[in-house]
Amino acid sequence: MNAPRAQPAAPSRGFLGRRIFTTDHRALAILYLLLGLAAVIVGTLLSLVIRIHRVWPTVPFPLYGILRPEDYLAVVTMHGTLMVFFVLTVVPQSAFPNLVLPAQIGTDRMAFPRLNAAAFWLTLASFCVLVAAFFVPQGAPISGWTSYPPLSAIAATGPGQGAGMDCWLFAIGLFCIAAVASSANFLATILARRGPGMSFGRLPLTVWSWLTSSALTVIAFSTLFAAAAMLFADRHCGTSFFIPASEVISGIARTGGGGSPLLWLHLFWFFGHPEVYISILPGMGLASALLANFTRRPVLGYRVMVVATLTIGFLGLGVWGHHMFVSGMNPYAGTAFGLTTIAIAVPSSAEVLTWLAMLFRGRMRFTTPMLFTLGFISFFIAGGLTGPILAQPALDAYLHNTFFVVAHFHLVMAMAGVFSLFAGIYYWYPLLTGRLMNEMLGKAHFWVSLIGAYGTFFPMHFAGLAGEPRHYAQLAGPVESFPSLIPVERGITFAALTLAAAQLIFLFNVFSSARKGVRAGENPWRATTHEWCPGTHPRTRGEPYLYGPNSGDTEDFLPQWELAPPYPSGLKPE
Amino acid sequence: MPATFTRHQAEVEKRDTGYGGKPPVDRRPTGGGGGDDNWDSHSSRNSGPRELLMRYRLAVLSGLAGDFVFFAVLVSAFFVRPTAGHIDAGANFVSDWHPLAIPPILWINTAILLLSSLTIEVARRQLFHEIDVMEEWLGLGRPAVKRAAPWLLATILLGGLFLTGQWIAWQQLSAQGLYFATNPNSHFFFLVTGAHAFHLFLGLFALVFAFVAVFRFKRVEMRQIALDCTSWYWHAMTVFWIFLFILLVCYQ
Amino acid sequence: MKWLPPNGALHGIRFDHLLRWNLDAIFWLFVVSQILIVLAMLLAARRRRSSPAARPPQPQSFPAFLLTSVLPLLAITALYIAMLVTSHHLWAVSREQAGARNAVRVEVTGVQFAWYFRYPGDDRVYGKLVPKLVNAPAGNPLGLDPNDPHSRDDIVSPILILPAGRPVDLRLRSQDVIHGFFIPGMRLKQDAIPGMIGHLQFTPEVPGVYPILCTQVCGLGHGRMQAELRVVTESRFRSWLASRERMALATAADDEPSPAPVESRP
Ligand code: HEA
Ligand code: HEA
Ligand code: CUA
Ligand SMILES: [Cu+2]
């Protein structure tokens, strides 16, 4: 039942036309992946600068020299911004859907290919503008990835808050437009371009995640865009949405103003919290799918998972205040946000429990994508469990902005998120190159990363409990307890170096397997979802994830697709 | 890295075949949510005129949802700000919220905008008028377009009139010495009306585009889509304006 | 709790207790869940070795579903709710209720990059502050208005001195950007937001010296924006206050209001 396939690709448009200025979603996926890779390399190098500076503050960096305190803050800001926006939004929310979303819903293209391509170019422009911040006078902004005003609203408050901050704002603005555009395209694609037979009940869980996170993207990034526009007006048009009435900045009294810095906090976190779920939901969907594949069992409670995903997305819009418990917000609001945050932990826990249950049901195969999925679950639990502690205003009043929070979000966002990216890349790599990635290297990468990541981020909890705040270039001052943390910090740095070194294995593997990898063949993971369908114009015949010996006739899985019978030549299928 | 796509190489250049062989009138049921056992529904499900229209509408609506949030955020600032009256360093409650008298011309502008929404809706309906669409589709002239065009033209004029009206309102305010940066309330007034006017400005472009499109586009359904999406956008802007206007008038 | 700095506040005892059991609970959940993952891996490896032939999937029986999914979820939800409920009281007493009448009143001001503490003096009224008069080198970091009678007896200090055993009402403000007022030893944190006044109540119990930090990134000196809290006995507090009072009044008396030489910008 193989349909005729692979007519030669469009001739004569040349490499540039086919691979670069293209509207083909798979080529765009590669471009997005390369962009993510560039960002992750810069971001990781910056994180190493952070780690090294924290334990050897007086050691000069090659080509730069000794870091000044403002340089440290600039590095942290750029690290956070690059990682959150250009790695953990771009890869799971733009690259992966471009790679497989149309195929997974049984169609061959996006609803709006040109819009899709435009979104990529905007994202790239945004990346360039952001990185340019390093090279403008006074360097990159120092106000953290959250950019609280008035620090971010008045250039005089510190180095980097002039041109650097403008770059940051401009980059964020561009990114918002791109994110909304690409999400509008995904929404239209999922809702209106599903192939024949692809009803909602048959959508793979990854698609449900992308549906949810795309809806969140439209809402969250529009909010951020409006907030950024207002901040821009404050900086350059003399308004004062976020600048309070009177201020004394470097000895100079300013009057006017009358705005509310808290308003920015509300707007930013109304974006920020959905954003963290935008970055993890695709990973959660992928984890379910991969667990099914590699345990050869259907997803447990498909419907429950769908409902949980949608609930997380919906509740995610109502919990932003948990980042603001001690910001001077109304204390009753603190209580309410604590409640909603606990509420969102429940569907997340339901998903975790389902994954754990799935682990015990099947015949697990320890392929690299599976290992990374297990790592994802492990980190998601490790990082997620500190969530309910932070969600209690009374406890957060101690833990807020300490390394406890840094540990929380690196485990749940950075490590769980990045591990799900790895799982996705190892799993879908054959779609890109026709080859499998090297398993040996993959496993080495996994184990070293796992140990490195726990070694890096687990001890941060203790530093946080000791009260060590974020954004401190050095553990100095009258605080006696901090010097005793130096050994812990040092251990963290060594672990982080190991962790980063492990990524070299990954990079090597990615590039070497493209030439030398084992040929993957038609459906290397014996998967059921459409992206592995060998022909074109498939029709969906049933649920996703039908695995198990009884499912197929000869195989232990029943693909979702059914290929169209070959048509007599010249006859269109209509 | 040799990026060889192993699958789906075929359809790089595939064009949407379009019609699915049926005229784009409104009555046809859509392809349904799948599960239909008819192989032949395949191509029409994804590219029938109704589906094409739905797809464009979806994209426009998602964009508008984002836009709605954008305005909602501006408005939220509007609500936070006057209540965020603060206690100054001398422990005095300071509020610098000076209500701003709305230039009366805004009432006229509002009426104009409402009218334009009406005209574009008439134009839109003309383009979906079944008998005319059938004729167009069969190649018997362009009755629907002919009927829609004057209404569309009227919308463009009204839209231009509205923008001029807004411009006059700003002029009147700045004649009173009220500029963007003057006081918090004027920030809001100018930000909100400015952002809205910018949207309408884009909307005018869309209208002109639609006007050209209904004459130029070869496929009947593409003409419909051009006008339909523009009118959705335009309606949304009218609705946003009504909200903003009520806000400016009542909640200073 | 050996990781936390020693506690010196009344509510800190409750806080430590709560944090302790919360951490215990999630630590064991963490351990159990990781063990479960490893166990699943081991079982799978053994199953693979012992029976190479695949078994058809057994549909999960309803009781098994209850036992392995619903019950744990309910238990975990109950745990979350217990966490929230037990800690809510602490939040309510510290943030949702008015401070004690006899509280020591101190105003905390965050400035890039220092903390200043102002005691209202004998009249128990904070004097007026004028941003234009701010001039730290000239000894007026907060811009106290010398013409305001209330400000004459105000004491401005770079360290926070408090008596043990009496409730304290801190009034939080900031001159420039957002700062985070954090006393780890008092289990206390609240942002100081410019243009807004915040309040914090607590009762220091154990005399000693406690560091005060800034936990909201506020510029290049954020990491060194630190101060000290000294909790002393009531009598020493009184005598300190009295001596500073005398000093404050003396200086206020001999340098008559001279407009401080600061530039101002609209
Ligand atoms: C996705 C998010 C992400 C990721 C991956 C990381 C990764 C790391 N981070 Fe970071 N971090 C943040 C998000 C992230 N961080 C944020 C938001 C902040 C707050 C900023 C602020 O306060 O403003 C922060 C702050 C922060 C601090 C606190 C600084 C301070 O406040 O003083 C520290 C300190 O140790 C730190 C360290 C590290 C280290 C050692 C890593 C290492 O794990 C790095 C090793 C890298 C990897 C393991 C990734 C490899 C991944 C790939 C190679 C994927 C490739 C695939 C494709 C893209 C195709 N980070
Ligand atoms: C992908 C990213 C991501 C995810 C998924 C989460 C998930 C959660 N987060 Fe996190 N969070 C961040 C990213 C993320 N967070 C970031 C980036 C910040 C800091 C931003 C900044 O300040 O720069 C932050 C900060 C943050 C704060 C503010 C802290 C502070 O600044 O003071 C809070 C407070 O409530 C919080 C809560 C939660 C909760 C309750 C969850 C829940 O959704 C977690 C749900 C998961 C679980 C509850 C695990 C369930 C496990 C089990 C049930 C185990 C079962 C065990 C057995 C069977 C034995 N987060
Ligand atoms: Cu002040 Cu940080
Ligand atoms: Cu959050």
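The values are calculated or read from the model by the stated rules, or taken from the named source; none is laboratory data. Just so it is clear, the model here is predicted, and its values are computed rather than measured. Cβ coordinates were reconstructed from backbone atoms using ideal geometry, including for glycine residues, and neighbour counts include every protein chain displayed.
In the set A:V518, A:V510, which member is more than 16 Å from ligand 3 (Cβ to nearest atom), more than 12 Å from chain B (Cβ to nearest Cβ) and within 28 Å of A:Y545 (Cα to Cα)?
The conditions single out A:V518.
Pick from A:V75, A:V91, A:V49: which is closer than 26 Å to A:S182 by Cα, among the β-branched types (V, I, T) and assigned to a helix (DSSP H, G or I)?
Within the list A:V75, A:V91, A:V49, the selection yields A:V91.
List every residue pair whose Cβ atoms lie under 6 Å apart, where the two residues are 6 or more positions apart in sequence or sit on different chains, the first residue falls within the range C:73-94 and is facing chain A (nearest Cβ under 7 Å), and the second residue, located anywhere, is aromatic (F, W, Y).
Once the first residue is facing chain A (nearest Cβ under 7 Å) and sits in the range C:73-94, no partner that is aromatic (F, W, Y) comes close enough.
Could you say whether any residue in the range A:145-166 is away from chain B (no Cβ under 13 Å), surrounded by 24 or more Cβ atoms within 10 Å (Cβ to Cβ) and without any contact (Cβ under 8 Å) to a residue 40 or more places away in the chain?
Yes, the range A:145-166 has at least one match.
Quick check on the range A:206-217. Is at least one of its residues in contact (Cβ under 8 Å) with a residue 12 or more places away in the chain, within 16 Å of ligand 1 (Cβ to nearest atom) and away from chain C (no Cβ under 14 Å)?
Within the range A:206-217, one or more residues are in contact (Cβ under 8 Å) with a residue 12 or more places away in the chain, within 16 Å of ligand 1 (Cβ to nearest atom) and away from chain C (no Cβ under 14 Å).
Can you find a residue that is touching a helix residue (DSSP H, G or I) at 6+ places or on another chain (Cβ under 9 Å), within 30 Å of A:V326 (Cβ to Cβ), of a type in the set (F, W, Y) and not in a helix (DSSP H, G or I) anywhere in the range A:242-253?
yes
Could you list, in sequence order, the residues of the range A:414-448 that are within 16 Å of ligand 4 (Cβ to nearest atom) and out of contact with any Phe, Trp or Tyr (no Cβ under 6 Å at 6 or more places or on another chain)?
Matches in the range A:414-448: A:A414, A:G417.
If you scan the range A:94-118, which residues turn out to be within 16 Å of A:V180 (Cα to Cα) and away from ligand 1 (no atom under 13 Å from the Cβ)?
The answer is A:P97, A:M110, A:A111, A:F112, A:P113, A:R114, A:L115, A:N116, A:A117, A:A118.
I'd like the full set of residues that are of a type outside the set (K, R) and in contact with a Pro (Cβ under 8 Å, 6 or more places away or on another chain), limited to the range C:93-105.
Once the filter is applied, which keeps residues that are of a type outside the set (K, R) and in contact with a Pro (Cβ under 8 Å, 6 or more places away or on another chain), the range C:93-105 yields C:E96, C:G99, C:A100, C:N102, C:A103, C:V104.
Give the residue, chosen from A:G434, A:G387, that is away from ligand 3 (no atom under 16 Å from the Cβ), in contact with a His (Cβ under 8 Å, 6 or more places away or on another chain) and under 30 Å from A:F96 (Cα atoms).
It is A:G387.
Exactly one of (1) at pLDDT below 90; (2) within 14 Å of chain C (Cβ to nearest Cβ) is unmet by A:W269. Its number?
Only one criterion is unmet by A:W269, namely (1).
Could you please let me know if A:G334 is within 16 Å of ligand 1 (Cβ to nearest atom), of a type in the set (G, A, S) and in a helix (DSSP H, G or I)?
Judged against the criteria, A:G334 is not a match.
For the structure I just gave you, tell me whether A:L475 is modelled with pLDDT of 95 or more and within 13 Å of ligand 1 (Cβ to nearest atom).
no
Could you look through the range A:356-402, keep only residues that are of a type in the set (F, W, Y) and at pLDDT below 95, and pick out the one that is nearest to A:G301 (Cα to Cα)?
A:F360
I'm checking my understanding of the structure. Among residues of the range C:169-225 that are free of Cβ contacts under 8 Å to residues at least 24 places away in the same chain and more than 16 Å from A:S143 (Cβ to Cβ), which one is farthest from ligand 3 (Cβ to nearest atom)?
In this case the residue turns out to be C:V209.
Filter the range A:304-319 down to the residues that are within 10 Å of ligand 2 (Cβ to nearest atom), in a helix (DSSP H, G or I) and either surrounded by fewer than 23 Cβ atoms within 10 Å (Cβ to Cβ) or hydrophobic (A, V, I, L, M, F, W, C) (or both) and list them by number.
Selection gives A:I312, A:L315.
Taking the conditions exactly as written (under 15 Å from C:V177 (Cα atoms) and not in a loop (DSSP other than H, G, I, E, B)), does A:A156 satisfy them or not?
When the stated conditions are applied, A:A156 passes them.
Within the range B:95-154, how many residues turn out to be at pLDDT 75 or above and acidic (D, E)?
The total comes to 1.
How many of the residues making up the range A:325-352 are within 16 Å of ligand 3 (Cβ to nearest atom) and not polar (S, T, N, Q)?
2
Is it fair to say B:F198 is under 15 Å from the mean Cα position of the chain (by Cα) and farther than 16 Å from B:I120 by Cβ?
So B:F198 passes the test.
Restricting to the range C:110-143, and then to whatever is within 16 Å of ligand 3 (Cβ to nearest atom) and out of contact with any Pro (no Cβ under 8 Å at 6 or more places or on another chain), can you tell me which residue is farthest from the other protein chains (Cβ to nearest Cβ)?
Going through the qualifying residues, I end up with C:G110.
If you check every pair at least six apart or on different chains, which have Cβ atoms under 7 Å apart with a residue in the range A:320-348 that is at the interface with chain C (Cβ under 9 Å from one of its Cβ atoms) first and a residue that is charged (D, E, K, R) and surrounded by fewer than 20 Cβ atoms within 10 Å (Cβ to Cβ) second?
A:P331/C:E96; A:Y332/C:E96
Quick check on my filter: what residues within the range C:76-111 are over 30 Å from C:I212 (Cα atoms) and either of a type in the set (K, R) or exposed (fewer than 13 other Cβ atoms within 10 Å of the Cβ) (or both)?
Within the range C:76-111, just C:A78 meets the criteria.
From the list A:L291, A:L300, which one is more than 16 Å from ligand 1 (Cβ to nearest atom), closer than 30 Å to A:P524 by Cβ and in a helix (DSSP H, G or I)?
A:L291
Rundown of residues vs (1) among the β-branched types (V, I, T); (2) free of Cβ contacts under 8 Å to residues at least 60 places away in the same chain; (3) more than 16 Å from ligand 3 (Cβ to nearest atom), yes/no style:
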| site | (1), (2), (3) |
| --- | --- |
| A:F242 | no, no, yes |
| A:L262 | no, no, yes |
| A:G272 | no, no, yes |
| A:I278 | yes, no, yes |
| A:L300 | no, no, yes |
| A:A308 | no, yes, yes |
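Evaluate the range A:390-413: report whether one residue or more is within 9 Å of another protein chain (Cβ to nearest Cβ), among the small types (G, A, S) and within 14 Å of ligand 4 (Cβ to nearest atom).
yes
Conditions tested, residue by residue: (1) at pLDDT 80 or above; (2) surrounded by fewer than 18 Cβ atoms within 10 Å (Cβ to Cβ).
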site: B:A181; (1), (2): no, yes
site: B:V214; (1), (2): yes, no
site: B:R223; (1), (2): yes, no
site: B:H235; (1), (2): yes, yes
site: B:I242; (1), (2): yes, yes
site: B:L247; (1), (2): yes, yes
